[in-house]
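The values are calculated or read from the model by the stated rules, or taken from the named source; none is laboratory data. Just so we're clear, the structure is a prediction, and the values are computed from it rather than from any experiment. Cβ sites come from the backbone with ideal geometry, for glycine too, and all protein chains shown count toward neighbours.
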Amino acid sequence: MAFELKSPAIPSGADIPTKHTCDGPDVSPPLEWTSPPAGTKSFALVCEDPDAPSGLWVHWVLWGIPPTATALPEG
């Protein structure tokens with residue numbers, strides 16, 4: 001199985017719920033992942049918005065996530 005990243009708060013193909021946008025409280029959604037590649041030493045996560053009105057917008061960057069982690073909570 002290949003590495004997969006998903007959010008239980010955002011169904012596949014659905015719009016991002018308002019709760020997780022600037023039109024709402026703007027909290028990060030919970031994230032879950034499976035099957036990291038062998039030898040993974042840590043994870044980094046970059047949340048980019050290529051459709052932002054001003055062009056590519058980086059919402060947040062997170063690094064140093066332990067290789068044993070399989071999820072991040074909301075917020």
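Values for this structure:
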item	result
Selection status of PRO36, part of a loop (DSSP other than H, G, I, E, B) and surrounded by fewer than 11 Cβ atoms within 10 Å (Cβ to Cβ)	no
Within region 15-44, tally of residues that are among the aliphatic types (A, V, I, L, M) and modelled with pLDDT under 95	3
Some residue of region 50-65 being of a type in the set (Asp, Glu) and either outside any loop (DSSP other than H, G, I, E, B) or surrounded by 10 or more Cβ atoms within 10 Å (Cβ to Cβ) (or both)	no
